[in-house]
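The values are calculated or read from the model by the stated rules, or taken from the named source; none is laboratory data. What you see is a predicted model, and the numbers here were worked out from it, not measured in a lab. Neighbour counts run over all protein chains shown; Cβ positions are idealised from the backbone, glycine included. For the accessible areas, the whole protein counts, side chains as well, though only heavy atoms, and no ligand, DNA or RNA atoms are used. Shrake-Rupley method; radii C 1.70, N 1.55, O 1.52, S 1.80 Å.
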Amino acid sequence: MALRLSLLASAAAVVCTGAAHAELSKVVFGTNWLAQAEHGGFYQSVADGTYAACGLDVEIVSGGPQVNNRALMLAGRIDYHMGGDMLQAFNAVKEGIPVVMVGATFQKHPQVILAHPGVADSWDELKNLTLLIGDNGFTSYYQWMIAEHGFTVEQRQPYTFNPAPFLADDQLGMQGYLSSEPYLVEKEGGFTPNVFLIADNGFTSYATTIETMQATIDEKPEEVKCFVEGSIKGWYNYLYGDNAGANELILAANPDMTADKIEYAIGKMKEWGIVDSGDALEMGIGAINPDVVADFYAKMVAAGVIEDGLDIAASYDTQFVNAGLGMDLKPEG
């Protein structure tokens, strides 16, 4: 259910300067799933008035299993969308759809493979297991695992998003999201699983991207700049500052979310460098490196996931990132 997240007048008054007294431009940002800590930086900039400070009234509309916010953006009902990974951007180019990635929130994709400790203690030892992988994963990152790392079609079984088979059989490995399945295993299984981040083994896609239409960039560049830069600042403040207001909005938007899940997810994002690592350490959160995009594209072509010859430069625009914005908000050390 979409939840209108309005700025508190007091927060806007504190943060905003001239914009506090001007009419704010309304924009809608659609996420790709239910509200969670992995969306925290965006909620942060709503909660603390950062978007309002540069003139935007941002409404966040949650995604979910029955919601396709990307389609709503294509239809002109949403201004910005939270992309999954770069495969979506490449497919947009392939289909001639003018969707552009203008920021890369996650420098590392948070997809993981879980295993029982003592059974598979290294990435290579995962090849000895039967792996529970969903259909979407099988057609994307698992094809890369086959092509680049020697995993097999035969060792894969469909994942039903139920951890019970994994908990009952230590010869199974299981796909997961860094802050989700490991948490469930710890709570329901009573043990800490081995966690292998596919990003740390060569799957170099950005994730949780900021997408918009090329027409929006052409017609409203200052709006795009405000939204992207506001989101960057929001992520620094969410990870390293007072995030209580953002977490209140997340809890209100998603009744199934809990404070301990949020705390767990924030810790994992920091521990594994999901947001603030790689090029983000030098160019700031949201960084897009054309070499990283090209490297990932080459890997997906080699794995047979995407066709060769696409103009991948059309899939992204770096003009709103890579300037080190917000790095002063990060505590030293």
Could you please let me know if G278 is within 25 Å of G96 (Cβ to Cβ) and in a loop (DSSP other than H, G, I, E, B)?
no
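For segment 126-193, which fully contained helices (runs of 4 or more DSSP H) count at least 1 residues that are open to solvent by 40 Å² or more (accessible area, probe 1.4 Å), in contact with a Gly (Cβ under 9 Å, 6 or more places away or on another chain) and of a type in the set (D, E)? Break it down into steps so the answer makes sense when it comes.
Values: elements: 135-139, 141-149, 164-168, 181-184.
Of the helices (runs of 4 or more DSSP H) lying wholly inside segment 126-193, those with at least 1 residues that are open to solvent by 40 Å² or more (accessible area, probe 1.4 Å), in contact with a Gly (Cβ under 9 Å, 6 or more places away or on another chain) and of a type in the set (D, E) span 141-149.
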Yes or no: R77 modelled with pLDDT under 95 and over 30 Å from P193 (Cβ atoms)?
no
All but one of (1) open to solvent by 20 Å² or more (accessible area, probe 1.4 Å); (2) in a strand (DSSP E or B); (3) within 19 Å of D276 (Cα to Cα) hold for N237; state the number of the condition that does not hold.
(2)
For S122, which of the numbered conditions (1) on the phi > 0 side of the Ramachandran plot; (2) over 25 Å from the mean Cα position of the chain (by Cα) fails to hold?
(1)
Scanning segment 181-212 residue by residue, the ones that are in contact with an Asp or Glu (Cβ under 8 Å, 6 or more places away or on another chain) and farther than 15 Å from A168 by Cα total 9
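Among the listed residues D79, D85, identify the single one that is among the charged types (D, E, K, R), farther than 25 Å from Y142 by Cβ and in contact with a helix residue (DSSP H, G or I) (Cβ under 9 Å, 6 or more places away or on another chain). Step through it out loud before you land on a result.
Details: D85 fails: farther than 25 Å from Y142 by Cβ.
The unique qualifying residue is D79.
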Does any residue in segment 222-238 that is modelled with pLDDT of 95 or more and charged (D, E, K, R) come within less than 6 Å, Cβ to Cβ, of a residue that is buried (at least 23 other Cβ atoms within 10 Å of the Cβ) and in a helix (DSSP H, G or I) six or more places away or on a different chain, and which pairs are these?
K233/T50
Within segment 60-76, the residues that are out of contact with any helix residue (DSSP H, G or I) (no Cβ under 9 Å at 6 or more places or on another chain) and β-branched (V, I, T) are V67
Filter result for the condition that a residue is within 21 Å of K268 (Cβ to Cβ) and polar (S, T, N, Q), over T216, T152, T139, T208:
T208
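Which residue, of A147, A164, is more than 30 Å from I312 (Cβ to Cβ) and at pLDDT 95 or above? Explain how you work it out, then say what you get.
On the way: A147 fails: more than 30 Å from I312 (Cβ to Cβ).
Going through A147, A164 in turn, just one is more than 30 Å from I312 (Cβ to Cβ) and at pLDDT 95 or above: A164.
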Output the residues belonging to segment 291-318 that are part of a loop (DSSP other than H, G, I, E, B), touching a helix residue (DSSP H, G or I) at 6+ places or on another chain (Cβ under 8 Å) and within 25 Å of A215 (Cα to Cα).
L310, D311, D317, T318
The one condition in (1) polar (S, T, N, Q); (2) under 29 Å from S315 (Cβ atoms); (3) part of a loop (DSSP other than H, G, I, E, B) that S122 fails to fulfil
(2)
Of all residues in segment 69-112, how many are in a loop (DSSP other than H, G, I, E, B) and of a type in the set (V, I, T)?
2
Residue check for G267: of a type outside the set (A, V, I, L, M, F, W, C) and not in a helix (DSSP H, G or I)
no
Just the residues that are surrounded by fewer than 15 Cβ atoms within 10 Å (Cβ to Cβ) and more than 17 Å from F106 (Cβ to Cβ), please, taken from segment 289-323.
P290, D291, A294, A298, A302, G304, E307, D308, G309, D311, A313, Q319
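With the requirement that a residue be farther than 10 Å from Y206 by Cα and touching a helix residue (DSSP H, G or I) at 6+ places or on another chain (Cβ under 6 Å), what does segment 102-112 give you? Let's see the steps before the verdict.
Start the filter on segment 102-112 by keeping residues that are farther than 10 Å from Y206 by Cα, which leaves 102, 111-112.
Those that are farther than 10 Å from Y206 by Cα and touching a helix residue (DSSP H, G or I) at 6+ places or on another chain (Cβ under 6 Å): V102, Q111.
Considering only residues that are under 21 Å from the mean Cα position of the chain (by Cα) and in contact (Cβ under 8 Å) with a residue 40 or more places away in the chain, which ones fall in segment 50-73? Spell out the reasoning first.
Pass one, segment 50-73, residues under 21 Å from the mean Cα position of the chain (by Cα): 50-51, 58-73.
Across segment 50-73, the qualifying residues are T50, Y51, V58, E59, I60, V61, S62, R70, L72, M73.
Quick one: is L325 over 17 Å from the mean Cα position of the chain (by Cα), over 21 Å from W235 (Cα atoms) and not in a helix (DSSP H, G or I)?
Values: over 17 Å from the mean Cα position of the chain (by Cα): yes; over 21 Å from W235 (Cα atoms): no; not in a helix (DSSP H, G or I): yes.
Answer is no for this residue.
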